[in-house]
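S.K.: Quick one: structure below, then a few questions.
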Amino acid sequence: MTIHKFEDLEIWKNARELCKKIIETVNTTALQKEFSTKDQILSSSGSVMDNIAKGFERDGNKEFIQFLYISKGSLGETRSQIHRCFDAEFISELKYQELINDCLNLSGQIANMITYLRKSEIQRLKKKSL
């Protein structure tokens, strides 16, 4: 499998979807007025997809793996913030469960990508353009 750009990666697509759900949640709940919490959760959720992209654009799988770990850390931060938002009654239980499940699924997908890259004979996931 040759991936030409980070936008082709399922984990990036799923991270983007999660980020969009967080933005929608912020814009349609009491989080709109909670500037500190809003900024923090928007930043961490955006960091998930951004670090996947940054890692992919690096020179090899070793650096990509490093950025995937950073992305996974940002995802953990996002999940923690979702718990805080629920505890503060900014989001419904239904939205809370949906976002937590999305985070857990994506975390597993990122972990699987890390495992794949570690075991791969291919030193570079993406095809080099010459």
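The values are calculated or read from the model by the stated rules, or taken from the named source; none is laboratory data. This is a predicted model, so every value here is computed, not measured. Note that we place each Cβ from the backbone using ideal geometry, even for glycine, and neighbour counts take in every protein chain shown. Just the protein is used for accessible areas: all its heavy atoms, side chains included, with ligands, DNA and RNA removed. Shrake-Rupley method; radii C 1.70, N 1.55, O 1.52, S 1.80 Å.
S.K.: By how many degrees, between 0 and 90 and to the nearest 10, does the Cα long axis of helix 61-87 differ from the longest principal axis of the chain?
M.R.: So the inclination is approximately 10 degrees.
S.K.: Gap in Å between the Cα centre of region 58-120 and the Cα centre of region 1-34?
M.R.: 11 Å
S.K.: Could you state how much accessible area Arg16 has, in square angstrom rounded to the nearest 10, with a 1.4 Å probe and all protein chains kept in place?
M.R.: Accessible area of Arg16: about 110 Å².
S.K.: Here's something else I'd like to know. For region 2-76, which whole-number percentage of the solvent-accessible area (1.4 Å probe, protein heavy atoms only) is attributable to carbon and sulfur atoms? Write out the running numbers ahead of the final one.
M.R.: Values: 1860 of 3870 Å².
The nonpolar share, carbon plus sulfur, comes to 48 percent.
S.K.: Go through Phe6, Ser92, Gln109 and say which Cα lies farthest out towards the positive end of the charge dipole of the chain; charges sit on Cβ, +1 for Lys and Arg, -1 for Asp and Glu.
M.R.: Value: Phe6.
S.K.: Still on this model: Taking the Cα centre of the chain as origin and charging only Cβ (+1 Lys, Arg; -1 Asp, Glu), how large is the dipole, in debye to the nearest 20?
M.R.: On the way: 20 positive and 18 negative charges, 122 e Å.
The dipole of the chain has a size of about 580 debye.
S.K.: Given N residues in region 1-123, what is Rg(Cα) / (2.2 N^0.38 Å)? Write down the numbers at each step before the final one.
M.R.: On the way: Rg = 15.1 Å, N = 123, 2.2 N^0.38 = 13.7 Å.
Output field value: 1.10.
S.K.: Under the 0.36 nm per residue contour assumption, what length would be gained going from the current alpha-carbon distance of Gln40 and Gln66 to full extension?
M.R.: On the way: separation 26, 0.36 × 26 = 9.36 nm, distance 2.25 nm.
Extra length from Gln40 to Gln66 when fully extended: 7.1 nm.
S.K.: Using only Cα atoms, tell me the angle between helix 10-28 and the longest principal axis of the chain; keep it within 0 to 90° and round to the nearest 10.
M.R.: Around 20 degrees separate the two axes.
S.K.: So which of Lys20/Lys62; Lys72/Lys119; Lys21/Lys62; Lys54/Lys95 end up more than 24 Å apart, counting from Cα to Cα?
M.R.: Details: Lys20/Lys62 29 Å; Lys72/Lys119 19 Å; Lys21/Lys62 30 Å; Lys54/Lys95 29 Å.
Checking Cα-Cα distances, Lys20/Lys62; Lys21/Lys62; Lys54/Lys95 exceed 24 Å.
S.K.: With an 8 Å cut-off on Cα pairs and a minimum separation of 6 or more residues, tell me the relative contact order of the chain in percent.
M.R.: Details: 131 pairs, mean separation 40.6, N = 130.
Relative contact order of the chain: 31 percent.
S.K.: Taking the solvent-accessible surface of protein heavy atoms with a 1.4 Å probe, what is the per residue accessible area of region 7-130 in Å²? Write out the running numbers ahead of the final one.
M.R.: Numbers: 7100 Å² over 124 residues.
Dividing the accessible area of region 7-130 by its residue count gives 57 Å².
S.K.: Taking amide H atoms as placed 1.01 Å from N in the peptide plane, list the residues 5 or more away in sequence, or in a different chain, whose amide H sits under 5 Å from that of Ile3.
M.R.: Result for Ile3 returns Lys127.
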